[in-house]
Amino acid sequence: VANRRIESVEDEVKSFITVTPEVALERARRIDERLADGGEVALHEGVPLVVKDVLSTKGTRTTCGSRMLEEFVPVYDATALARFSEDLVMVGKANMDEFAMGSSTENSAYFPTRNPWALDRVPGGSSGGSAAAVAAGEGWWALGTDTGGSVRQPAAFCGTVGLKPTYGRVSRYGLIAFASSLDQIGPMTRDVRDSALLLQAIAGHDRRDSTSARQPVPDYVAALEEGVSGLRVGVVTELTGAEGVEPEVREVSERTVRDLEAAGASVGEVSLPHATYGLPAYYIIAPAELSSNLARFDGVRYGLRVPAEGVHEMYRRTREEGFGDEAKRRIMLGTYALSSGYYDAYYAQAQKVRTRIIEDFRAAFSEYDVLVTPTCPTPAFGIGEKVDDPLAMYANDICAVPASLAGIPAISIPGGTVDGLPVGVQLMADHFEESKLLRAARAAE
Ligand code: GLN
């Protein structure tokens, strides 16, 4: 069904860099065989999955949305995928902003993806292909990655559910690194129950990722129906009223808060005094880390090599041709912020802000179980509208980045529509409190 749906809508939506109908059918056949032989098959295994093209898939090209990796075929699967199933029913590799840098999927080196709700709008980013595919029915659910909102923001723009787990909850092994202290793989689904199911299938400790947590994985699905009676819900003043948040968008999140209250939660206002400084701090820390992570694309180790006289000229031409404008911009920003003489003024300062934000959350979670904000200031913007204005593009992430910097779990659920376009509401909880987060999200969806 997913393959047929891809055939009928993909020309318009363009969710995928690579479609893999044969892989999906062959793996589905293997699952059928396992069943016929009386073998074990988990509930989630037969469900067609869309995989963001930043996750390594053995034998299937993994481009990361970049010319640099146009021909790159990994020799192993990301742990999250291997854990999901040995017979992964993968329908395709989803389009994304190059190396996951962006909020619209327009930074893909290949083509922009369109929002299935309005084809002249962006689907969000960087996991825009994954969100669009789920919204358009080109797969049942998807995996995206979230460094500073890239699962939550596209989910919000496409009217779907996007969950960024606690940093360390899901192994990053086989996830091509952007900003290693922030990157997390997360489920992108049609509803909250699927989000719990998919998280269950990918979470857990992995000895191949030293930052993956040893914490046991609870039964997320069982926790869902516990309801929110007695749960303390805090509305974050600074983010709900942040610059650029449209009044209609604020109303949608206020409505969600009222729904939670009606379902038995107690509601109050809470302050995260440093939350809005998250945006400038993120746009120092993320480029700093990526400038180092992207150093490995040198024409020697992976992917593209542009031959030239001498090794330095080869490096230069490979990186010149392999990276797009946004990648180059951020490599320059990041190296600058890390360079001696500027390190203290930028990188060290941003790290101090990050600590303040962590402390703000700690204080808030001593009084509240779940915090609520809009996911984004506006509904999906037009294709081309912000592509030449990096600061306007970055400003879209204001509500999403604080949770990333603090490493806490956060989910975006559809809250309603404004002018016929979906609007997301973000819920956040303390480290490893995904059960609580999903429970609240379930009651609010
Ligand atoms: N939009 C943010 C950025 O451009 C977040 C990206 C992400 O989470 N991968 O960096």
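Report, in debye and to the nearest 20, how large the dipole of the chain comes out about its Cα centre when Lys and Arg carry +1 and Asp and Glu carry -1 on their Cβ.
That gives the chain a dipole magnitude of about 920 debye.
Considering the dipole of the chain built from charges on the beta carbon (Lys and Arg +1, Asp and Glu -1) around the Cα centre, which of Val236, Ala213, Ser340 is farthest to its positive end?
Ser340
Grab the other residues whose beta carbon is less than 9 angstrom from that of Val418, score K and R as +1, D and E as -1, and report the net. Don't skip to the end; give the middle numbers.
Values: positive: none; negative: Glu246, Glu248, Glu251, Asp419.
Computed value for this residue: -4.
Rounded to the nearest 5, what is the percent of antiparallel bridges among the DSSP beta bridges in the chain?
Beta bridges within the chain, antiparallel portion: roughly 65 percent.
Please report the net charge: other residues with Cβ closer than 14 Å to the Cβ of Arg214, K and R +1, D and E -1. List each step's numbers first, then the result.
Values: positive: Arg169, Arg207, Arg208; negative: Asp206, Asp209.
Computed value for this residue: +1.
With every atom except the alpha carbons ignored, what do you get for Rg and Dmax of the chain, in angstroms?
20.6, 70
For Val423, Val51, what ranking results if the residue with the fewest other Cβ atoms within 10 Å of its Cβ goes first?
Working: Val423 29, Val51 32.
The order, fewest Cβ neighbours first, is Val423, Val51.
Please compute the contact order of the chain in relative form: average sequence separation of alpha-carbon pairs under 8 Å and at least six residues apart, divided by the residue count, as a percent.
18
Please identify the trypsin sites (Lys or Arg not before Pro) of segment 57-108 that satisfy two criteria: DSSP loop assignment and at most 15 other Cβ atoms within 10 Å. Which are they? Working shown, then result.
On the way: sites: Lys58, Arg61, Arg67, Arg83, Lys93; in loops: Lys58, Arg61.
Hits after loop and neighbour filter: Lys58.
How much net charge surrounds Leu224 when only other residues with a Cβ under 12 Å from its Cβ are counted (Lys, Arg +1; Asp, Glu -1)?
Summing Lys and Arg as +1 and Asp and Glu as -1 gives -3.
For segment 372-445, what log10 I(q)/I(0) values come out of the Debye formula at q = 0.19 1/Å, with one point per alpha carbon and no solvent?
-0.84
Tell me which trypsin sites (Lys or Arg not before Pro) from segment 147-247 have a DSSP coil assignment and no more than 10 other beta carbons within 10 Å of their own.
Arg207, Arg214
Which lysines have a Cα less than 17 Å from the Cα of Lys436, not counting those fewer than 8 places away in the same chain?
Lys164
Among the lysines, select those whose C-alpha is under 20 Å from the C-alpha of Lys386, and discard any that sit fewer than 8 residues away in the same chain.
Lys14, Lys328
Using DSSP to define loop residues, name the chymotrypsin sites (Phe, Trp or Tyr not before Pro) in segment 10-82 whose beta-carbon has at most 15 other beta-carbon atoms within 10 Å.
Tyr76
Laboratory data are not the source of any read-out in this text; all were calculated from the coordinates shown. Since we're looking at a predicted model, the values are computed, not measured. Every residue, glycine as well, gets a Cβ built from its backbone with ideal geometry; the counts of neighbours run over all protein chains shown.
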